[in-house]
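Worksheet: the structure to be examined is printed underneath.
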Amino acid sequence: MEHRIVGPGPYRATRLWNETVELFRAKMPLRKHRCRFKSYEHCFTAAEAVDWLHELLRCSQNFGPEVTRKQTVQLLKKFLKNHVIEDIKGKWGQEDFEDNRHLYRFPPSSPLKPYPKKPPYQKDVIKFPEWNDPPPGTSQENIPVRPVVMNSEMWYKRHSIAIGEVPACRLVHRRQLTEANVEEIWKSMTLSYLQKILGLDSLEEVLDIKLVNSKFIIHNVYSVSKQGVVILDDKSKELPHWVLSAMKCLANWPNCSDLKQPMYLGFEKDVFKTIADYYGHLKEPLLTFHLFDAFVSVLGLLQKEKVAVEAFQICCLLLPPENRRKLQLLMRMMARICLNKEMPPLCDGFGTRTLMVQTFSRCILCSKDEVDLDELLAARLVTFLMDNYQEILKVPLDLQTSIEERVAHLRRVQFQKSYPEVYQERFPTPESEALLFPEKPKPKPQLLMWALKKPFQPFQRTRSFRM
């Protein structure tokens, strides 16, 4: 069973769906079955479909070994709803598929999902201010002037300008690099880095550039604690105190310094359920709806772990600061729980790692519109996040350095054009520096007198004096 890798790009979730459907129809074993004293050709049981498809998904690099049997059943329910399969009597359209001995078959043709048509986004070309451009709202024609009394001298000056004898005066405005310009630089360079890593000609199909907030990027880079966690200016967007205390309790189990209530049997399960309920009732996933396609596109790079980490770093910079902070605290708690050997089992049916992925994957990544593979894609992403969260939730230093150097260069250019004489004195060229500081003759090296001041060695007789 071969499942080719679906790389980054637009409509990756739809491409994965079509790829899985085609492979399932082509490779699923079919045979003769009997049901209620009647034989049916070219069909399969529900349990056989779950077994085969579960193995296919676990072996696929697009989904990974973390896929559970329950998730496979959910996918087959969607297959039945979308008429990829039908029961032996031709019924379909409802998600009443169960892991049992019920018989199913393929219809004559399984419809593939069409690629959604999105309105093309207009490319926002960032135009930096020209030094001779007037500020917005002003023009040469609307400059207020005082009325001038016309006389012979004034008439001659105007006449001279008209025939070209005297150059006309032109109002030149000195522009500065504003805060808005700096924000646009951060936004444009960050998106350019992401586009380069994904290898796309344009980000229009995976990201609405108009929804990217440059203030979020700058805040996520500079407003952080020593541990790299985002610090919020608006404290009303913080995690509730009781949720934060519960997360600290499980992250530091069994050393719960904030715990003031006595523990009882199953206490840790109730604390975990409290955290899961809070995150499960968020109005929007932590990675936001409008960034869903971008994160799903990055999942196509997981075979190149270093490249995928860089892409996730940049995507996480685009998050609202409160979302990034909640994600950082949640991933830290999940990773510590999985590595804590003293933590009692939090669920009887799943291992700790699988439980973390299944519980929090949907509150981290999901689509606003119905996407049939969003649960599998979210589980794949959360698994990778747990293994690499320390690197992914760091600020990419290469990007930060490049942007800071770009901003510093533009400010030097601004200063040079505004104050050329001062700039020349502060930052002289090699030619002007040679004129200001002529080369001085090099002094001759002084005689090393320390050698003469050394005490004389005592006279030693040699063999020649004895002879």
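Size of the stretch 179-395: Rg and Dmax of its alpha carbons, in Å, are 17.9, 59.
Compute the signed sum of charges (Lys and Arg +1, Asp and Glu -1) over the other residues within less than 12 Å, Cβ to Cβ, of K215. Result for the local shell: -3.
Carbon and sulfur together cover what percent of the accessible area of the stretch 15-105 at a 1.4 Å probe radius? Solvent-exposed carbon and sulfur of the stretch 15-105 make up 47 percent of the total.
Among the trypsin sites (Lys or Arg not before Pro) in the stretch 1-73, those placed in a DSSP loop whose Cβ has at most 16 other Cβ atoms within 10 Å are R4, R36, K38.
Summarising the amide proton neighbourhood of H102: residues at separation of 5 or more, or on other chains, whose placed amide H is nearer than 5 Å comprise A46, A47.
Here are some pairs, K77/K273; K341/K368; K237/K304; K113/K196; which of them have Cα atoms lying more than 31 Å apart in this structure?
Working: K77/K273 27 Å; K341/K368 37 Å; K237/K304 35 Å; K113/K196 29 Å.
Exceeds cut-off: K341/K368; K237/K304.
Averaged over its residues, the stretch 314-390 has an accessible area of 38 Å² per residue, based on protein heavy atoms and a 1.4 Å probe.
With 0.36 nm allotted per residue and the present C-alpha distance subtracted, the I5-D348 stretch has 120.1 nm of extension available.
Please identify the GluC sites (Glu not before Pro) of the stretch 302-387 that satisfy two criteria: DSSP loop assignment and at most 10 other Cβ atoms within 10 Å. Which are they? Mind dumping the intermediate values first?
Details: sites: E305, E310, E322, E342, E370, E375; in loops: E342, E370.
In loop regions of the stretch 302-387 (DSSP not H, G, I, E or B), the sparsely surrounded GluC sites (Glu not before Pro) are E342, E370.
Considering only protein heavy atoms and a probe of 1.4 Å, how much of the accessible area of the stretch 179-395 is carbon and sulfur, as a whole percent?
On the way: 5210 of 10200 Å².
On the stretch 179-395, the fraction of accessible area on carbon and sulfur atoms equals 51 percent.
At full extension, H281 and Y264 could sit 3.5 nm farther apart than now, given 0.36 nm per residue minus the alpha carbon distance. Within the stretch 269-313, list the residues whose amide N lies under 19 Å from a label point set 7 Å along Cα→Cβ of R406. Only 310-313 fall inside the zone, counting backbone N under 19 Å.
Applying D = kT/(6 pi eta Rh) to the stretch 243-310, where Rh is the Kirkwood radius over alpha-carbon pairs, T corresponds to 37 °C and eta to 0.692 mPa s, the Stokes-Einstein value obtained is 220 µm²/s. Residues in the stretch 48-61 carry Karplus couplings, in order, of 5, 5, 5, 4, 5, 5, 4, 5, 4, 5, 5, 7, 7, 6 Hz; the curve used is 6.51 cos²θ - 1.76 cosθ + 1.60 with θ = phi - 60°, and Gly or Pro positions show x.
The values are calculated or read from the model by the stated rules, or taken from the named source; none is laboratory data. Remember, predicted model here, so these are calculated numbers, not experimental data. Cβ coordinates were reconstructed from backbone atoms using ideal geometry, including for glycine residues, and neighbour counts include every protein chain displayed. Protein only, heavy atoms only, side chains kept; ligands, DNA and RNA dropped before computing areas. Shrake-Rupley method; radii C 1.70, N 1.55, O 1.52, S 1.80 Å.
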